[in-house]
1. Considering only region 156-175, how many residues are under 19 Å from residue 226 (Cβ atoms) and touching a residue at least 24 places away in the same chain (Cβ under 8 Å)?
2. Out of everything in region 495-538 that is more than 22 Å from residue 573 (Cβ to Cβ) and modelled with pLDDT under 90, what residue ends up being surrounded by the most Cβ atoms within 10 Å (Cβ to Cβ)?
3. State all residues of region 571-602 that are hydrophobic (A, V, I, L, M, F, W, C), under 23 Å from residue 104 (Cα atoms) and in a loop (DSSP other than H, G, I, E, B); if no residue qualifies, say none.
4. Restricted to region 248-302, and to residues that are polar (S, T, N, Q) and assigned to a loop (DSSP other than H, G, I, E, B), which residue is modelled with the lowest pLDDT?
5. Looking at (1) crowded, with 24+ Cβ neighbours inside 10 Å; (2) of a type in the set (A, V, I, L, M, F, W, C); (3) within 30 Å of residue 540 (Cβ to Cβ), which one does residue 492 not meet, given that it meets all the others?
6. With the structure loaded, tell me whether residue 115 is not in a helix (DSSP H, G or I) and not hydrophobic (A, V, I, L, M, F, W, C) or whether it fails that test.
7. Any residue in region 374-385 that is in contact (Cβ under 8 Å) with a residue 60 or more places away in the chain and part of a helix (DSSP H, G or I)?
8. Mind listing just one residue for me: the one in region 63-80 that is at pLDDT 95 or above and aromatic (Phe, Trp, Tyr) and, of those, farthest from residue 484 (Cα to Cα)?
Amino acid sequence: MADTHGISVEANDRKAAGQQAEEIIRSPAGLEIAKTFALGGATVDAAMVYSVEDRRRVLAQVSFALDNFYVHLPRKKSIYGFDPVRALALLRLRGEALTDGEFHESLVEILARVRDRHVMFFGRSPYGYSAVLPFTIETCWENGNELYVVTKIDAGTSQKTLSVGTRVSHWNGIPIDRYVRLNANLFDGGNEAASVARSLAFLTHRPLTQFGPPLEEWVDLRFLDRNGAMAEERFAWIGFDVATLPSAPALGRNLTGFGGDVLLMDLQTARRVRSAPQTFDALQPLQPVAPPLGVPVIQGRGANGVFDYGTLATHDGTFAYLRFWSFSANNVDDLVDALAPVLGTLPQDGLVFDMRGNTGGYIAAGERLLQLFGARPIVPARFQFRITDATRAMAEASDEFAPWRPSFVEAFGTGEEYTRGIPIEGDEADYNKVGRKYAGPVVLISDALAFSTADIFAAGFIDNGIGTVICTDANMAAAGGNNWGWDVVRLFNPDFRVDGKFKVDFNSGKLSKQVRDAFNALGISLSNGSTLSPGRPQFDGTVWTIQDGALTHLVRDVPWMSPDLEVYLAKSPAGLADLPSGIYLSLTMRRALRVKANEGRVLEDVGIVPDIVYHMTLRDVLEKNQDLLERAGKELIGVAIA
């Protein structure tokens, strides 16, 4: 067993003959956090299988989702001149003749051209599986020139001349800056900065659920070695599995208030495994030796690891430091309740709020943090549905969307395309009930990977006049909306309801005459051979499955949603259906509008205008961001930088 840089790696023989040994990666305390394996093994190859029926259902539901629920469809068609619904119809004509890989890649390419990172499709590759190269490349600037630099190399990697600090010039014979921009066409950023940042972030880490195995089995790098001489080296892709550390968010009751990127969460988890495995263990006591100026001292973690907090000593003083990795929460006040008591323990002369690479999360929970720093009452962002027959029926069917109902009624008389903008959860008083807890100046640091709820938080930070925004890219991700998984869309669109009194009948485990009569009264006949499965927990309620020959119907008891039982037919009259097992789709259901001085501006595609666009230095990417954080310190004390 080898132990390098705090990562423990041990080899285990696979039982299947002919497969290479897998390696288990452990944290310093011995927690199993990941595995590596030979890419192209039978498990991966067998996973991505789309039957003819699966292909038809996937294409039908993705097309239905975009045409009937996707809030940005008219805007995206206008901006990019591309109609994804029409493209999906064309794919249906040839979809059955394609291989599994071709079908998957065609669908991913169509959705990438929508240019909305909330529109995500994941195939059947095992969750947590990725293809990786054993190094990370980042960009920085030196003397006005952009450099591509190797910043991390995995423990135990055998390389000839590649080292941390190596400056890469070519990727498979293509100048690397050009390759990154070409590769950006495969990504769905709402602006160039976001697409390029995403291209670089996933350059050496490709989640198989979206990308599938890389077409090239190896990558040839050309770079300047330690002696300044040009060198080349070849690296093969390997499999990487973090399924033991699921990164998909625990939504809790936040089913309809999510704004985040599951793919970026996977990347964030993988980067922790590969470069900071100690963060999976308990926080270690502070070392007696103070770190260099510009390096934060982390004193604790809050909200189950959502944020780190501590102090930041710079040449201009010692400040408070927060590092928010996401805005994940189970309940809307979780983040405020976790952070408010911490702020009083930190230096009060200024605070650096660092959310680079933030993967998003619970929108309202993130927005409610703004009150802790605001001198005046916070005004939250407004959210709108696109008006269609499907969204109107959904709003009428659930009290969850009662505030938007009058807009649907008005819009059908006035021709409006969107509902009135309303806070996503609660009213303005809910965003101000705790109030300001930090009175010093605040600087927000972000980048083009910070996503969704992070975009909304940054916009609120600016619109409510809280402080200065430093962005290490020209813009943030410009993902201004609320995304739902297709299972959540389906949840809020039942085909009909039956009286809640039938819960007793369903709990009995048999389809009673009363239940059959209730279905028959609504035009749905259940055969004598239909069976009822035992109830199982789901969505803070119970779901039962009725199997009637080849048809599978679901019945749900979700008390927080309705006192009645919700019925979901295998063949919905409205055209909705569940996706085949192992397949994931999400889309933007509501768009965010900015407030105050930016009243009514759409956040999607436009993003924010930072006060400072900062170019990362070589010292930043190779060490611990000292130059960036020193710059933030100067902003906190009001030092003007030319």
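1. Selection size over region 156-175: 12.
2. Going through the qualifying residues, I end up with 509.
3. 576, 577, 579, 583
4. Within region 248-302, the match that is modelled with the lowest pLDDT is 287.
5. (1)
6. Yes.
7. no
8. That would be 64.
The values are calculated or read from the model by the stated rules, or taken from the named source; none is laboratory data. This is a predicted model, so every value here is computed, not measured. Every residue, glycine as well, gets a Cβ built from its backbone with ideal geometry; the counts of neighbours run over all protein chains shown.
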